[in-house]
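Just below is one structure, and these are the notes that go with it.
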Amino acid sequence: MTRASICTIGDEILIGQVVDTNSSHISRALNSLGIRVTRMISIGDEHDIIIEGIESELRRNEIVIVTGGLGPTKDDITKHALAELSGTQSYRTDERQLEIIHRILSSRGLDILDINIAQASVPQTCEVIPNKLGTAPIMVFRFPEERFGHKATLYSLPGVPFEALGALQDISDDIRKHYQISDIYHKTLMTFGIAESALSKMIEEWEDSLPQDMHLAYLPDALTGVRLRLSIYGGSKEEQEARIEAEIAKLRQILGDAIYSEHDDRQETCIGRMLAAKGKTVSAAESCTGGMISSLFTSIPGSSEYYLGSVTSYANSVKTGVLGVPAEIIEKHGAVSEECVRAMAEGVRRITGSDFAVATSGIAGPGGGSEEKPVGLVWIGVSSQNGTEAYRMVFRGDRKRNIDRFAANALNILRKKIKNELNY
C-alpha cells in the first residue's frame, strides 16, 4: 500500500499562533484515494531542519505533501530548501504561474512588485501545477528509486488553507497517474453515553476476535461521544464492505442504543433527520449551556425546518418572566433542580409550539457549587405531549468541558425520547 506523510512548515504553527487545518483536509483526500497516511509533522522555519525533516519523511514514505513557507517574504524559505534537497541551485520562471500572479494582483488593484514576480521562479528540478487561487505555485519533485529505496514524490503546497484545499484535486489527479492505488475502507460508528474505557471493556472480546487486517480506532469527544472507526487497507472495496458489515452486525448486538449513527454524524444531525422525516419540531430552554444547544442545531443547513428556537434563560427572572417557571419553584428548590427544568422544558414548548423541548440548568463552575449541589451538576428536562422527564447528572471538568458535556448529554436524552416516541 502506498504510504504518505504530511509536513507543515512554519514557526507560527509550532508556537501555537496558527492552528494547522491543512493536514486534516489533506489526510482525508489521501485516504479517499486509498493511500495510508503514516505521519503528520510540523517543522520550523530553518533551512537545514526543513531539509533534514523532509528527507527523513521521503525515506519512510512514497508520497510527502508539504504545506507552508512559500510566500513572498524573506522568512518563507521552503523553496530554497527544496531546491537543495533536489540537487539544484538553478531556477526558472514558470510562465503559467506568472500570468496568474499578474491577473490576481491586477484584479485587486495592487502593484506587481519584484517579490511577487519572484514567486513564479521555481527550481529547475521541479514540475509545476499552477495555483489558480494564489501566487505561489504547487511544486512537484520526483525522486528515483535509488535515492530513497523507493520511488518518491514530494508535493509542495502553499500554506494558506483556501489555496491548499483548492490544490487537492490536482494533487489527487497527479497521484492517480503515477501510483497504483489500493482500496481503503473505513466504517464509522458514533456512540454516546458509554465512557471510552467502559466501551473498550464491553467490546473487548469482539475486538480481540477481529481479523488481523482490520483495525479499530477509538476517537472520544465530549460533544459527539466515542467514535469507533473500523478500517481495512487493501483488497477490493466490495469485499471490504461485506467483511466489515459482518463485524458491525455483531457490534450492534453488543452496544444497542448506544450507537446513534453509522455515519460520521453528530447527535444534532441525527435528531434533525428524525424530526424532518416525521414532520416534527423541537425547541430549547437553556441556562447553564448558554445557547450551545441552539448553536449546535442552527449550525446545520436547513434546520429551520424542525428547530423553532430557544430561550437562553440565564437569569431567574427570565425563567419566571418568559418561560413561566413558578417563582415558588425557584424559591423552594432552586434554579438547578428537577422541578425547574421540568417547568423550563414545558414553558419553551408552550411558547414555541414545538413537539419536543429540551431544557438545561446546572453549575458549570468553577464557583457556585455546594455540598448538595456541586460544581458539574446539571439537570436536563425533556418534554413532549406524552409527558416530561428530568435527569440529574454530575461531571468533573473545567467550565468549558462541563458545558460541552451538559449540552451533549441533553442532546442524547432528547434523541432517545424522540426515537422512542416516533418509533424511528
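Restricted to strands (runs of 3 or more DSSP E) entirely inside the range 1-99, those with at least 3 residues that are under 21 Å from residue 131 (Cβ atoms) are 3-9, 63-67, 91-93.
If you check residue 344 against the conditions, is it part of a helix (DSSP H, G or I), among the aliphatic types (A, V, I, L, M) and more than 26 Å from residue 191 (Cα to Cα)? Yes; evaluated as a whole, the condition is true for this residue.
Residues of the range 167-199 that are of a type in the set (S, T, N, Q) and either assigned to a strand (DSSP E or B) or under 18 Å from residue 252 (Cβ atoms) (or both): 188, 191. In the range 42-61, the residues that are touching a residue at least 24 places away in the same chain (Cβ under 8 Å) and of a type in the set (Lys, Arg) reach residues that are in a helix (DSSP H, G or I) and surrounded by 14 or more Cβ atoms within 10 Å (Cβ to Cβ) with C-beta atoms within less than 8 angstrom, at least six apart or across chains, in these pairs: 59/148. Consider the range 263-274. How many of its residues are in contact with a helix residue (DSSP H, G or I) (Cβ under 7 Å, 6 or more places away or on another chain) and either over 16 Å from residue 417 (Cα atoms) or aliphatic (A, V, I, L, M) (or both)? Within the range 263-274, residues that are in contact with a helix residue (DSSP H, G or I) (Cβ under 7 Å, 6 or more places away or on another chain) and either over 16 Å from residue 417 (Cα atoms) or aliphatic (A, V, I, L, M) (or both) number 2.
When we screen 157, 230, 168 for residues that are aliphatic (A, V, I, L, M) and over 28 Å from residue 106 (Cα atoms), the only hit is 230. Screening the candidates 77, 35, 49 for the property of being in the same structural domain as residue 147 (by TED's automatic domain parsing), under 30 Å from residue 116 (Cβ atoms) and either touching a strand residue (DSSP E or B) at 6+ places or on another chain (Cβ under 7 Å) or buried (at least 20 other Cβ atoms within 10 Å of the Cβ) (or both) yields one hit, 49. Would you check if residue 216 is surrounded by fewer than 18 Cβ atoms within 10 Å (Cβ to Cβ), among the aliphatic types (A, V, I, L, M) and more than 30 Å from residue 344 (Cα to Cα)? Judged against the criteria, residue 216 is a match.
When the range 350-366 is filtered for residues that are over 19 Å from residue 407 (Cα atoms) and free of Cβ contacts under 8 Å to residues at least 40 places away in the same chain, only 350 remains.
Within the range 231-248, identify whether any single residue is among the hydroxyl-bearing types (Ser, Thr, Tyr), surrounded by 14 or more Cβ atoms within 10 Å (Cβ to Cβ), in contact with a strand residue (DSSP E or B) (Cβ under 6 Å, 6 or more places away or on another chain) and free of Cβ contacts under 8 Å to residues at least 60 places away in the same chain, and answer yes or no.
Yes, some residue in the range 231-248 is among the hydroxyl-bearing types (Ser, Thr, Tyr), surrounded by 14 or more Cβ atoms within 10 Å (Cβ to Cβ), in contact with a strand residue (DSSP E or B) (Cβ under 6 Å, 6 or more places away or on another chain) and free of Cβ contacts under 8 Å to residues at least 60 places away in the same chain.
Checked against the criterion of being modelled with pLDDT of 95 or more, farther than 13 Å from residue 415 by Cα and surrounded by fewer than 20 Cβ atoms within 10 Å (Cβ to Cβ), the range 286-293 contains one or more residues that satisfy it. If you go through the range 148-162 and keep only what is at pLDDT below 95, buried (at least 20 other Cβ atoms within 10 Å of the Cβ) and not small (Gly, Ala, Ser), you end up with just 158. Annotation note: of 386, 409, the sole residue that is under 18 Å from residue 268 (Cα atoms) and either buried (at least 17 other Cβ atoms within 10 Å of the Cβ) or among the polar types (S, T, N, Q) (or both) is 409. Exactly one residue out of 397, 376, 353 is at pLDDT below 95 and among the small types (Gly, Ala, Ser): that is 397.
The values are calculated or read from the model by the stated rules, or taken from the named source; none is laboratory data. Please read all numbers here as calculations on a predicted model, not as lab measurements. Please note: Cβ atoms are built from the backbone with ideal geometry, for glycine as well, and neighbour counts cover all protein chains shown.
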